Amino acid sequence: MADYSWPAPGTHQTLGRRLSRLDGPVKATGAAKYSYDKALPGMLHGKMLTCPHAHARIVALDVSGARSMPGVRAVRVIQDVGSEIQWAHDEIVAVAAVSEDIARDALRAVRVEYEVLEHYVIEEDPNGTFEKKEPQERSQGDPDAGFASATTVVERELAIPQIAHMCLEAHGQVAEWQGDEVTVWASTQGVSTLPQQFVDGGLETKAANVRIRCDYMGGGFGAKFSPDRWGIVGAQLAKDAGAPVKMFLDRDQEVAVAGSRPSTFAKIRAGATADGKLVAWESETWGSGGRPGTGAVPVPYVFNVPNQRKKHTSVPTHLQSSRAWRAPNHPQACFLTMATLDDVAAELAMDPLDFVLANLELTGRFEATYREQLEIAAERTGWRERWRPRTEFDDGPLQRGLGLSLHTWGGRGHQSRCDVAVNPDGSVEARIGTQDLGTGTRTVIAMVLAETFGLEIDQVTVRMGDSRFPQSGPSGGSSTVGGVTGSTRRAAMDALREVFTRVAPMLEAEPETLVARGGRIEVDGDSTRSMTWQEAASRIGAVAVTVGGRNPGRGKLNDSGVGGVQIADVTVDIETGVTRVNKLLAIQDCGLVVNEKLAESQIYSGLIMGVGYALFEELIADPHSGRLLNADMEFYRLAGIGDVGTLEAVLMQGPEHQERGVIGLGEPPVISPGAALSNAVANAIGHRVPRLPMTPERVLETLMAAEAAEALEEKA
């Protein structure tokens, strides 16, 4: 049986090196053309009229003014009289015109009358929802007995709001028909899966006639798996008009309807014994991801508390449906759990590091991993020397604090196919229908090719971003690197074996005794019997050697399941409420590291997004109009370079990690920052800010509430 396994640790020629992205120069210079940049001769501009109401019914619709306007080439009614609209910015009419200005003028010429209906957009009160859903309840062990045995019981109310994806490149595409075939340049996370979705969504053609192209794309994070209504309609407008149509969302539409992360509110009780052993957990949670509501978050997170009782209520609202957002449900669950456990440790007057260590057996398979990571994290941050109880403060308004958190993720590689060709001129090429979200997928595939053939990375070529190439899965769940490296490795190994078979007689050797390294093919152990790669390729014949590979397949090339630890160091100004991040440290398990530089970059990006949702990000809906008040980049605050502090990433490496194979790294680093930063702020100011983001106003409100409570207690 063929052996596709990765080279043994310590023998890698290319894997693990700190190579820069192959597409870095074209992106940095602006030469890279994103889907949004696509401009075709005679291209029209598509725009959509959206409903201004959160809940309404269309009672009259007249598009004649738009149809008759000069420069308008096509008009599509998306929702007609009688349609019930369930969220603001839902699409009603689409037009294609020779310019954006004319398209907008055409939308203003459309006449729509609505019957405005009652709406509900504030899920903080689950009893106010328009649609009741039965709570989901679960329990294990004996929670009542568990709480009875606890010496300390902490009760908390915590909340984490909905946040937006805020992709820099908005959702959309350029569509062009040639006969019955359409090419769509899309900003997508699913190049191979989009053609069938276009057909399923109502485009009247066959999936084989839909070609998706995506050379570069500007942000996905889980929101760009489908063509969406604007994708289908944009392609339909292009067919109606007989000309290519560009249809991308404006920023307010992008924020309002193109994806959010669900909210979670919670009432939690947790009990522990005097020696810090967790014995009981009870939680009531609710939240919303828009119209469908939301599923239960996995609390208690990471720690399988022996006695627990949980209830979750899904709260539908008149907002567009949420979408997968980098580690769905995990950041919420991590914050709710780790913040509560940190408060339990504070009530016990225990160092939270000791408290976590005392309960690591509840983490199951990752106990040893977490223990090692916590030791590294404590040493790198000087935790034992620098941590102080919440009752101790510095002189002056600036208070410093430390907080820690644990997290986990799956990350198994998705299904993927790849064709690898070795040409007579020595060039090596991979063709694969995947996409590069900006994380370095193109570079990773090239490194696997170079490693397998014993070449340098500039001697191989990767062609991707085209649905006509062999199918590969969508980029979600941290599955891409595992998927594409697995299929590429198998195809490359089979192609290399075919080359060995053809040149072995010339070296008077058996094919299985040959190796490829350093740009040469040689007999293993006898470098005098060798030839250059170019010479070997020239002797394979006039036709290229082309082999396909798939993942999963023979040989263990990837795995799933990782653990991570993060520690946050912050300074809080208790006079202004401003929190400054001094440092975020991430210790992360991720299996075989293909490219150390890109792996660290994934961690940095997760930490930056974590600072954003911990300190700044929140979607704010107006309860009266049902519209978002900050659907823009002026009032929806994102973390800037001056907000994130020093970031440090430590990758768990060594034979025991590398032998597991490739495991996805996209999601894990974004899970813990909210919890770690919340715990650091609590450590700094002595009290828990119960709701993210921890804006200056909320920090000051927490301090004032604590001061008022202390005054009442003294008075009593």
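Read-outs throughout are calculated quantities, based only on the coordinates presented, and are distinct from any laboratory measurement. Given the structure is predicted, the values throughout are model-derived calculations rather than measurements. Note that we place each Cβ from the backbone using ideal geometry, even for glycine, and neighbour counts take in every protein chain shown.
Note on V81/R468: beta-carbon distance plugged into 1/(1 + (r/R0)^6) with R0 of 56 Å gives a FRET efficiency of 0.85. In percent, rounded to a whole number, the relative contact order of the stretch 1-133 is 27, using alpha-carbon pairs under 8 Å and six or more apart. Placing unit charges on each Cβ (+1 for Lys and Arg, -1 for Asp and Glu) gives the chain a dipole about its Cα centre, and among A31, I212, N630 the Cα reaching farthest toward its positive end belongs to I212. With a simple spin-label model that places each label point 7 Å from the Cα along the Cα-to-Cβ direction, the separation between E575 and I376 comes to 4.1 nm. Here is how the number arises for the chain: DSSP H runs of 4 or more residues each give -39500 (n - 2.57), the sum is divided by the residue count, and the result at 222 nm is -8500 deg cm²/dmol. In sequence order, the stretch 583-593 has phi-based couplings of 7, 10, 10, 10, 10, 10, 8, 8, x, 6, 8 Hz under the Karplus curve 6.51 cos²θ - 1.76 cosθ + 1.60, θ = phi - 60°, and Gly or Pro positions carry x. With a Förster radius of 25 Å applied to the beta-carbon distance between L117 and A159, the computed FRET efficiency rounds to 0.35.
Every Cα-Cα pair in the stretch 463-584 was counted, and those over 18 Å apart are 68% of them. Derived value for the stretch 570-646: Kirkwood hydrodynamic radius 15.0 Å. Basis is the mean of 1/r over every pair of different alpha-carbon atoms. The per residue volume of the convex hull around the alpha-carbon atoms of the chain is 178 Å³. Taking the Cα centre of the stretch 337-441 as reference, the dipole from Cβ charges on Lys and Arg (+1) and Asp and Glu (-1) amounts to some 280 debye.
Note on the stretch 78-184: Rg/Rh from C-alpha atoms, Kirkwood Rh, equals 1.18. Annotation: extensible slack from V543 through K556 equals 1.6 nm (criterion: 0.36 nm per residue apart, minus Cα-Cα distance). Taken one residue at a time, the phi angles of the stretch 531-541 give Karplus couplings (6.51, -1.76, 1.60, θ = phi - 60°) of 8, 5, 4, 4, 5, 4, 5, 5, 9, 7, x Hz. Gly and Pro are set to x.
Other residues whose C-beta falls under 10 angstrom from the C-beta of Q162 contribute a net charge of -2, scoring Lys and Arg +1 and Asp and Glu -1. Comparing A682, G610, I102 along the charge dipole axis of the chain, the residue lying farthest to the positive side is I102, per the Cβ-charge model.
Calculated from the alpha-carbon coordinates, the stretch 307-385 shows an Rg and a Dmax of 16.6, 50 Å respectively.
With the simple spin-label model, which puts each label point 7 Å out from Cα in the Cβ direction, the A28 to D425 separation comes to 2.8 nm.
The residues packed around S538, meaning those with a beta-carbon under 12 Å from its beta-carbon, carry a net charge of 0 if Lys and Arg are +1 and Asp and Glu are -1. Averaging the sequence gap over all C-alpha pairs within less than 8 Å and six or more residues apart, then dividing by the number of residues, gives the stretch 307-434 a relative contact order of 18 percent. Over the chain, Cα pairs under 8 Å with separation of 6+ residues give a relative contact order of 16 percent.
Once the gyration tensor of the Cα atoms in the stretch 1-111 is diagonalised, the equivalent ellipsoid follows with semi-axes of 49, 22, 12 Å, ordered largest first. Between A39 and E361, what FRET efficiency comes out of the Förster formula 1/(1 + (r/R0)^6) with R0 = 56 Å and r the beta carbon distance, rounded to 0.05? For E361 and A39, the calculated efficiency is 0.40. How much of the pair distance distribution for the stretch 160-258 lies past 23 Å, counting alpha-carbon pairs only, in percent? I get 22 percent for the Cα pairs in the stretch 160-258 exceeding 23 Å.
The Rg/Rh ratio for the stretch 390-470 is 1.39, where Rg is the radius of gyration of the alpha carbons and Rh is the Kirkwood radius. Compared with the alpha-carbon gap, the fully stretched path from E392 to K132 is longer by 89.0 nm at 0.36 nm per residue.
If the Kirkwood radius is taken over C-alpha pairs of the stretch 653-716, then at 37 °C and 0.692 mPa s the Stokes-Einstein diffusion coefficient equals 221 µm²/s. The per residue volume of the convex hull around the alpha-carbon atoms of the stretch 195-319 is 178 Å³. With θ taken as phi - 60° and the Karplus curve 6.51 cos²θ - 1.76 cosθ + 1.60 applied, the whole-hertz 3J(HN,Hα) list for the stretch 68-78 is 8, 6, x, x, 8, 9, 7, 9, 10, 7, 8 Hz, x standing for glycine and proline.
Taking 0.36 nm per residue of separation and subtracting the current Cα-Cα distance, fully stretching the chain between A706 and E510 would add 62.7 nm.
The base-10 log of I(q)/I(0) for the stretch 320-453, evaluated at q = 0.10, 0.12, 0.15 Å⁻¹, reads -0.61, -0.75, -0.92 [Debye formula, identical scatterers on Cα atoms, solvent excluded].
In the neighborhood of T264, defined by Cβ-to-Cβ distances under 14 Å, what is the net charge if each Lys or Arg adds +1 and each Asp or Glu adds -1? Charge balance near T264 sits at +1.
Working from the Cα coordinates of the stretch 239-300, the gyration tensor eigenvalues give, after taking √(5λ), semi-axes of 47, 11, 9 Å in decreasing order. When the alpha carbon gyration tensor of the stretch 361-419 is reduced to an equivalent ellipsoid, its three semi-axes come out at 37, 16, 11 angstrom, largest first. The coefficient of translational diffusion for the stretch 412-535, derived via Stokes-Einstein from the alpha carbon Kirkwood radius under 4 °C and 1.567 mPa s, stands at 87 µm²/s. Counting only Cβ charges, +1 for Lys and Arg and -1 for Asp and Glu, the dipole size of the chain around its Cα centre is about 1880 debye.
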